[in-house]
Every structure is written in C-alpha cells, then in structure tokens.
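Here the structure is laid out as structure tokens; the discussion comes afterwards.
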Amino acid sequence: AQTVTQSQPEMSVQEAETVTLSCTYDTSENNYYLFWYKQPPSRQMILVIRQEAYKQQNATENRFSVNFQKAAKSFSLKISDSQLGDTAMYFCALSYGNKLVFGAGTILRVKS
Amino acid sequence: DTGVSQNPRHKITKRGQNVTFRCDPISEHNRLYWYRQTLGQGPEFLTYFQNEAQLEKSRLLSDRFSAERPKGSFSTLEIQRTEQGDSAMYLCASRDDQDIGTGELFFGEGSRLTVL
C-alpha cells in the first residue's frame, strides 16, 4: 500500500528564516511523482513543487526546494526567506495510479 | 478560465437528510476527482472520472454516496441519509490527460458539510 507520513503536525518560523518540513513515504512503484501542496486558510490547495522519482536532481522553485532521498523514501520541503504569506497547511503527496495519496499535513505559521 | 468551481461552499444539514454537491472542473480537463478532508487530516480519495466514466471508487464511498458526471463536464456528489460522521470538506479536483505524467491535480475551494 502507498502511504505518506508527515510527522510534524505544526511548525513555526520567523519571517525571513528557513524552515524544513519532513515527509516520508512508502511505495512499491519504481516510477512515481512526489508533490508538496499548500492549502492557505479557507482557500484552495495549490501545487508548490513536484519531483519525479527518476530524477536525481532535487527540484527547486524560487524559495522552495526539496531534499529527495529515494533510497530512504524521504522527501522534505525547505522554504527559504519565509514570508507571512507562506502560512498554510502543507501536504506531501505521492502519485499512485491515477490519483494522489496525501499525508496528514503540517501547519506552518510564519511569525513577524 | 476560472479554475475548479464547487457549490455550495458550505452546507449545514440535519442528520438523515440528503445533500448534493456540484463541481465544475477546468473546461479542458477530462479527469475529475472527489476527495474528502476531515479536520486536521489530509485529503482522502473517494472516486474519479475519466470523461463520463467512473473508473475507480474508494472503499470510503459507502452505498449512501453516489457520484455522477453525466456529460463528462460537471460532476455531482450526493450523500443520502447523512450521518454526523459525514461532516467534512469535500474537495473536487481535475486534470487533463496531457498532465497525467506529472500527476498534478487542480483543486477547487471545497464544499464544507456540517451534519447536525
């Protein structure tokens, strides 16, 4: 079975600092995608960053980057220069067939 | 393109009543998904459509739940004889087959159900 585990229910960070959110997963597939989605309060989920499992290079999108460790089945998200607008619930997700499997989420609060 | 649209945004109902949610996906997207999200949890897959065909249903989708996408455009999710345990956010998402390799889903803002 495909599972995604986020072990940090809540995190906080000071504005302009860096924070890392953790995610581990389990899958029997060799080719898959991993995602981080952001869900701001009362707003829709949007994709933050995506990683293809066959690519060794870690994905980067502006202030967001991942540390993908395939052998360890670990997929962490690093947010640099945190901004107040980064306050949201962050979900790690794994592609499984034609759908996504999500972790329980991490609430990130950016403090001024 | 206004993205994925869901209605109503919030529904309060009494236990035992039926409710229906509607989802309008992004117009060119042929795949449509329903997820359920309870407080403090991640979205859980319920079902998905490719065009008008319902291709997969989760075991979470009891016989009180039914989803349709009659013309391959909008979809409805009906819950009959609602129970308090049905209280949740119901999320709709869509994507195009051209995106299937990337796996990205585009989500609506959700329909929150409260069963009293």
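The values are calculated or read from the model by the stated rules, or taken from the named source; none is laboratory data. Note that the coordinates shown come from a computational prediction; the quantities given were computed from them, not determined experimentally. Here the Cβ positions follow ideal geometry from the backbone for every residue, glycine too, while neighbour counts run over all protein chains shown. When the accessible area is computed, the model is the full protein with side chains, heavy atoms only, and any ligands, DNA or RNA have been set aside. Shrake-Rupley method; radii C 1.70, N 1.55, O 1.52, S 1.80 Å.
See the values below:
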{"read-out": "Residues of region B:89-116 that turn out to be under 16 Å from residue B:38 (Cα atoms), surrounded by fewer than 22 Cβ atoms within 10 Å (Cβ to Cβ) and within 14 Å of another protein chain (Cβ to nearest Cβ), as a count", "value": "3"}
{"read-out": "Residue selected from region A:27-42 under the condition in a strand (DSSP E or B) and within 16 Å of residue A:99 (Cβ to Cβ), by the criterion most open to solvent (accessible area, probe 1.4 Å)", "value": "A:33"}
{"read-out": "Complete set of residues in region B:1-36 that are assigned to a strand (DSSP E or B), among the polar types (S, T, N, Q) and open to solvent by 20 Å² or more (accessible area, probe 1.4 Å)", "value": "B:5, B:7, B:20"}
{"read-out": "Residue count for region A:43-55, restricted to those that are facing another protein chain (nearest Cβ under 8 Å) and either in a loop (DSSP other than H, G, I, E, B) or aromatic (Phe, Trp, Tyr) (or both)", "value": "3"}
{"read-out": "Residue match in region A:64-84 (condition: in a helix (DSSP H, G or I) and open to solvent by 70 Å² or more (accessible area, probe 1.4 Å))", "value": "yes"}
{"read-out": "Matching entry among A:58, A:62, A:67, A:98 (being within 14 Å of chain B (Cβ to nearest Cβ) and of a type in the set (S, T, N, Q))", "value": "A:98"}
{"read-out": "Selection count where residues are charged (D, E, K, R), in contact (Cβ under 8 Å) with a residue 24 or more places away in the chain and out of contact with any strand residue (DSSP E or B) (no Cβ under 6 Å at 6 or more places or on another chain), scope region A:58-94", "value": "1"}
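For every residue, the table says whether it meets (1) assigned to a strand (DSSP E or B); (2) among the aromatic types (Phe, Trp, Tyr); (3) in contact with a Leu (Cβ under 8 Å, 6 or more places away or on another chain).
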| position | (1), (2), (3) |
| --- | --- |
| B:41 | no, no, no |
| B:46 | yes, no, yes |
| B:55 | yes, no, no |
| B:62 | no, no, no |
| B:82 | no, no, yes |
| B:85 | no, no, no |
| B:90 | yes, yes, yes |
| B:93 | yes, no, yes |
